[in-house]
Structure formats: C-alpha cells, structure tokens
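The structure appears below as structure tokens.
Values in this text are rule-based calculations from the coordinates and carry no lab data. Remember, predicted model here, so these are calculated numbers, not experimental data. Reconstructed Cβ throughout: ideal geometry from the backbone, glycine too, with neighbour counts over all protein chains shown.
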Amino acid sequence: MSDENKPHDDHGHDAGHGRDDHAPAHDETAAHSVETPGHEEAAPDAHPVVDAHAADHAGHGHEAHVEAAHGDHAEATAAASSKQPVWSDSGDAPFEDVEATPVYARGGKKGRKKGKSGGNEMFEIVKTIVFALLIAFVLRVLLFQPFTIPSASMEPNLYEGDYIVVSKWSYGYSKHAIPLSPPLFEGRIFAQEPERGDIVVFKLPRDNKTDYIKRLIGLPGDRVQMINNVLHINGEPVRDVVISEADATNMYGMPVIKARETLPGGRTFTIQDYGPGNQADDTPVFEVPEGHYFMMGDNRDNSVDSRYGVTENGVGLVPAENLIGKAEIILFSWKPGASLWNPISWFSKVQPSRFFTDLD
C-alpha cells in the first residue's frame, strides 16, 4: 500500500505513531533497555505490545492486592476496636500488646531494664549504707555512746565485760564528744554541771585519748582526803556501812569487804574495799580547782584514780572539757574470757542477770 493510502490522524501523523501514544512508559522502558550494555536492540513494535499486556495484568493484580490489604486492615481495625485499649504508664498513648512483640525484642528490652534496675538497686544500697552511717554518727556524737568495761576498778557496780551506754547530752559537748577529738572549739557548749556520785566517762588528762570511767567524788571547790581508809569531803567523813565481808579474798589474799557509802547530798552506792593499810588509804588533801573534778573508783584499793597524780601515771584532777558523758545502763554483760572470735564464749560467758541494769 502506498503512503497515500496509510491512515493519518488529524495532526498529520500516521496510525503507527498513534498506536505508540498509548504506552509512553513502555517506550521509556524499551529505550532504557537499549542502553543496557551487552544486549541487542529490540524491535520497536515487539516490546510495547507485550509490556502493555503485562502492565495491564500487573495493574489488575495491584488493584486486587490493595483491595485485599484494605480488607485485612478493616478486619484488624474491627478486632482492635472490640478489645479494651491498653495505655502506657503515662496514660497518653496505646502500645502494642506484649504477646505481639517479637520474642527477641522482648528479651532485649527486659535485659536492658534489668541492667538499669541492677544499677538502681546498687545505688539504693550505697545510699542506705551512707545514711545509716550518718545517722549512727549523729547519734554517737549527740545522744549515746557505748563502752566496754576493761577492768575491775568499778566493782561491785561495774564488772569487766559489762557493755554500757553513756548519755552524751548530760554534761553538754566538748571536742572530746566527737571521735578523734578534733580541735573544733574549746570548752563545752550546752554545758551542764555533773552531780556528785555520777559514774562518768572521760578522757584521761595526761594523754587526752584514753577513755576512763570513775565515780565523781569531788566538785569544784571541794577538799578531798582519805584518812585511815575513810573518805573525807570538806573535812567531814563520809558515812559508810559494811554490808558484807565475803569469805572470798582477792588475788593478794586480802578479804573483800563491801560497804554502803553515802555522799553529801544523799547519793548512796556500794563500794568494795580490802581493808585499811593499803597504798591510797591515807592521802594528802586534794583541793579541787574551778573547772575540774575529783574521780575515784568504787573498788577503792584496786583503782588508779585522782588520788594518784599525773606524775605517778595516775588520773589527777579531770578538767571539765574532758568529760564525755554519764553512764546510764548496763546493756549486756559477759564474763572475762569472752571473745568475738570465739562464738561458743558468747553463750558460755554471758551474764543475763546483768542485762539492762540501771546504774546509780
């Protein structure tokens, strides 16, 4: 057929060109495939027909897939709407059901939470220990302090192995109320005068480090003296009454005598003595200056106290600043020989009859 007999469109193009106008995308695909190295150029009329058919088929498949997806989505939405919504801890947004979360993802989250929780637990433990130590320190400085009796100098009222509690507020506070006695201030704050007859814990004046416990006998301005085994205060003998002469003797073979002694002011307590003729049974007069106190042990012949001066490795007169506190109660008690490292002795040496004994 001659060119004159070929059909033309209104724009003067032939029918063949009009057929290609229906699939411009396929022409671009064909052109792209031509540029691929290593392939022969395809016939112009071959691919558009096949591509158009495939595109038409693909289009129908895509529409079916979209419709199926929309159907599944509608069903899922309906199912979700029928369930009770689950909200986050903040109450502001829903989150996925735990069962729908992949196993490995859930495990990872739990692992991360566990590690964070472990860190928080350790921090809480450390914080608790710090707070406990701080509270114990404050209580020890301001309120109570425990002491263990190491010798027999306060028998028959305190025995070696007694565990006592001392009130810190009774006489106010000095630098010695704080562990290691730091030189933060001089003298006493909130000072209160001790009473004659108190059992007092104090720092040994000759070193200001060693803790001693004795009974306060002489106040500032008093004159104290021992004459023939009898205590005299301000020239007057202190009344004492023998309450027992035990058949037992001390390690030196001296008889053990217990007497009830009454100080000026009416304070009464029991002392222990080995009879007259001992080293400190006769002394010079000790005048107690202002701001000092005279201390003696209840076991009169077995006590290094204010009857012995500092030069004799004794206690001497005790400055008010050295007072730590007043002995209030025997909390626990063990006989000599009990050891922290020997648990059996905790039970074999215990003295329950002395537990929670008030001190005169």
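Sort 291-304, 168-181, 223-236, 334-347 for me by packing, meaning the mean count of neighbouring Cβ atoms within 10 Å per residue, highest on top. Don't jump to the answer; show the numbers that get you there.
Values: 291-304: 22.2, 168-181: 17.1, 223-236: 15.6, 334-347: 11.6.
Per-residue mean Cβ counts within 10 Å order the peptides as 291-304, 168-181, 223-236, 334-347.
Estimated at 0.36 nm per residue, the fully extended path between VAL138 and GLU245 surpasses their Cα-Cα distance by 34.0 nm. Couplings 3J(HN,Hα) for region 200-214, derived from phi with the Karplus relation 6.51 cos²θ - 1.76 cosθ + 1.60 (θ = phi - 60°), are 10, 9, 8, 8, 4, x, 6, 9, 6, 10, 6, 7, 10, 9, 8 Hz, where x marks Gly and Pro. If R0 is taken as 41 Å, the Cβ-Cβ distance between THR262 and VAL126 corresponds to a FRET efficiency of 0.15. Sites listed here are GluC sites (Glu not before Pro) in region 247-323 whose DSSP assignment is loop and whose Cβ has at most 11 other Cβ atoms within 10 Å: GLU290.
Using the structure shown, list the pairs from LYS168/LYS203; LYS258/LYS349; LYS168/LYS214; LYS168/LYS258; LYS168/LYS335 with a Cα-Cα distance above 20 Å, or answer none.
Details: LYS168/LYS203 13 Å; LYS258/LYS349 25 Å; LYS168/LYS214 16 Å; LYS168/LYS258 31 Å; LYS168/LYS335 27 Å.
In this structure, LYS258/LYS349; LYS168/LYS258; LYS168/LYS335 lie more than 20 Å apart at Cα.
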